[in-house]
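To start, the structure under review is shown below, and the notes come after it.
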Amino acid sequence: MTATRFELLPIAGLKEAARELPPGAVVTVTCSPRHGLERTLEASEWLVGEGLRVVPHLAARLVHDRAHLAQVLGRLAALGIDDAFVVGGDAERPVGAYPHGRALLEAMAGLEQRPARLGVPAYPEGHPWLTEAELQRDLEAKAALADYAVTQLCFEATPLLTWRERQRRLGLTLPVLAGTPGVMEPRRLLAIALRLGLGPSVRALRRQSGWWARLLRPGAYCPDALLEGLGPMLGDPAAGFAGLHLFTFNRVADTRRWLESRQHPMVERPAGDSPEAPLVISAGEPLA
């Protein structure tokens, strides 16, 4: 049984995208230096009002100080949000006291209003500015302060499986969600991949028979091969992946139809349970 999250961007079209989601779906809301933390919080407030279970991204470099952090966490608590995703953020310079995600996690550890669950990013295919050794040290430090991890966007199973096995050997016990693309136009997806620097996965796409030809004709990319490649490791929080984190880029309708066409388990997590807790089948409901 598999947990699924849908990532949305707090830009024009978010409300329309959210209305395509299953009732009670888990939705993560990104945070960028262009739009700021306030945009993420405002979007989170609206999404909660729509009955969705919201996980805002908290970008460390956009938090000014301890008072600002307490204010942000107070707003989340008032909304009933008990889960947040902590990232360093893409701002060129931090606006305050938190230059990276680890610093923000450390500050939150001592606050009463720390959300019950905190997630952190993981990078099976590397990071444009950090070495593999640096990424590993950072993940291990964050693991002591977080409750789960979500991988970067990947297009094929092999990097995910190789990385997960290595983390298992190194003793990582955090539940991990596999970051996967939603259904969208191949040209747009490839542009995103190139911008994010996902070299191995892009090369995998190029190896796929007829990939470049498909770019030139109508149709959508569906992550069927990726899902099949993860196989029994999907839904295994201990050694595999606790679930999927779908990067929808606000293209929700097609992604939801694809999930339902796969006859994926329709599951719902009881309120207050941790990401590694057993999931409960919600009869007739789409993935949440």
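Starting from the Cα gyration tensor of the stretch 69-174, take the square roots of the eigenvalues, sort them a ≥ b ≥ c, and report rounded, prolate or oblate (rounded when a/c is under 1.5, otherwise prolate if a/b is larger than b/c, else oblate). The shape class here is prolate. Extents of the stretch 1-82, largest first, come to 37, 25, 24 Å (Cα atoms, principal axes, whole angstrom). Couplings for the stretch 153-164, taken from phi via the Karplus curve 6.51 cos²θ - 1.76 cosθ + 1.60 with θ = phi - 60°, read 5, 10, 9, 9, 6, 4, x, 5, 5, 5, 5, 5 Hz in order; Gly and Pro are left as x. Residue separation of Trp129 and Arg187 scaled by 0.36 nm, minus their Cα-Cα distance, works out to 18.3 nm of gained length.
Radius of gyration (Cα atoms) of the stretch 131-184, expressed as a multiple of 2.2 N^0.38 Å: 1.18.
Under a 5 Å amide H cut-off, with hydrogens placed 1.01 Å from N, Asn250 pairs with Leu9 among residues at least 5 apart or on other chains. Taking the Cα centre of the stretch 2-153 as reference, the dipole from Cβ charges on Lys and Arg (+1) and Asp and Glu (-1) amounts to some 200 debye. Our estimate of slack between Ala144 and Glu92, defined as 0.36 nm per intervening residue step minus the Cα-Cα distance, is 16.0 nm. Arg168: accessible area at probe 1.4 Å, nearest 10 Å²? The accessible area of Arg168 comes to roughly 110 Å². Computed with every protein chain present, the accessible area of Cys222 is close to 50 Å² [probe 1.4 Å].
The values are calculated or read from the model by the stated rules, or taken from the named source; none is laboratory data. All values derive from a computational prediction rather than experimental measurement. Here Cβ is always computed from backbone atoms with ideal geometry, including for glycine, and neighbour counts include all displayed protein chains. Accessible surface areas use protein heavy atoms only, side chains included; no ligands, DNA or RNA. Shrake-Rupley method; radii C 1.70, N 1.55, O 1.52, S 1.80 Å.
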